[in-house]
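Just below is one structure, and these are the notes that go with it.
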Amino acid sequence: MDWSCRRATWAVVVNQNIVGSVRLKKTGVEGALETGIWLIRKTRGQGIGRMAIAEVLRKARLLGAHEVQAKTTARNTAAQRVLRSLSFNITTPVDGSEIMGSFTIRPAPQH
């Protein structure tokens, strides 16, 4: 993966149709990456976002990251549910405007 631009973005494809995008980007903290996702409305609530973020977490592990961060608004309860379902630790800043999620990547088991 070429990190010269500090981020990578992938299409989210369902039945050969692009329905959104998901990205990983460097945060400035060694080993920590940030993810973000966008999906068209008609595909929301079908588990597609969860699958896309789960794949991003797998890619982050392969890249050697130790943490993946995500941000969303306090009103975006659907995004919060996706993050919680994938075991992100959710924190709310004092002003309550933005939700922060943090996923700790554990090393893959050695066989």
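The values are calculated or read from the model by the stated rules, or taken from the named source; none is laboratory data. The shown structure was predicted, so the numbers you read here are calculated from the model rather than taken from an experiment. Don't worry about glycine lacking a Cβ; one is built from the backbone with ideal geometry, like all the others, and counts go over all protein chains shown. Surface accessibility is based on the protein's heavy atoms, side chains included, excluding ligands, DNA and RNA. Shrake-Rupley method; radii C 1.70, N 1.55, O 1.52, S 1.80 Å.
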Residue, surrounded by the fewest Cβ atoms within 10 Å (Cβ to Cβ), within the range 99-108, restricted to residues that are assigned to a loop (DSSP other than H, G, I, E, B) and touching a Lys or Arg at 6+ places or on another chain (Cβ under 7 Å): 108
Only one of 69, 46 that is in contact (Cβ under 8 Å) with a residue 40 or more places away in the chain and either within 28 Å of residue 96 (Cβ to Cβ) or surrounded by fewer than 18 Cβ atoms within 10 Å (Cβ to Cβ) (or both): 69
Scope the range 35-69; condition assigned to a strand (DSSP E or B) and farther than 17 Å from residue 20 by Cα; matching residues: 67, 68, 69
Residue 74 vs. criteria farther than 19 Å from residue 28 by Cβ, more than 12 Å from the chain's Cα centre (by Cα) and surrounded by 13 or more Cβ atoms within 10 Å (Cβ to Cβ): yes
Condition met for residue 54 (of a type in the set (A, V, I, L, M, F, W, C), more than 13 Å from the chain's Cα centre (by Cα) and within 17 Å of residue 89 (Cα to Cα)): no
Given (1) aromatic (Phe, Trp, Tyr); (2) at pLDDT 95 or above; (3) loosely packed, with under 14 Cβ neighbours inside 10 Å, number of the condition residue 3 does not satisfy: (2)
Selection status of residue 96, exposed (fewer than 11 other Cβ atoms within 10 Å of the Cβ) and small (Gly, Ala, Ser): yes
Every residue from the range 8-23 that is touching a strand residue (DSSP E or B) at 6+ places or on another chain (Cβ under 6 Å) and either modelled with pLDDT of 95 or more or open to solvent by 50 Å² or more (accessible area, probe 1.4 Å) (or both): 9, 10, 11, 12, 18, 19, 20, 21, 22, 23
Those residues of the range 77-89 which are aliphatic (A, V, I, L, M) and surrounded by 14 or more Cβ atoms within 10 Å (Cβ to Cβ), in sequence order: 79, 82, 83, 86
Selected residue (criterion: least open to solvent (accessible area, probe 1.4 Å)) from residues of the range 24-43 that are within 16 Å of residue 105 (Cβ to Cβ) and small (Gly, Ala, Ser): 32
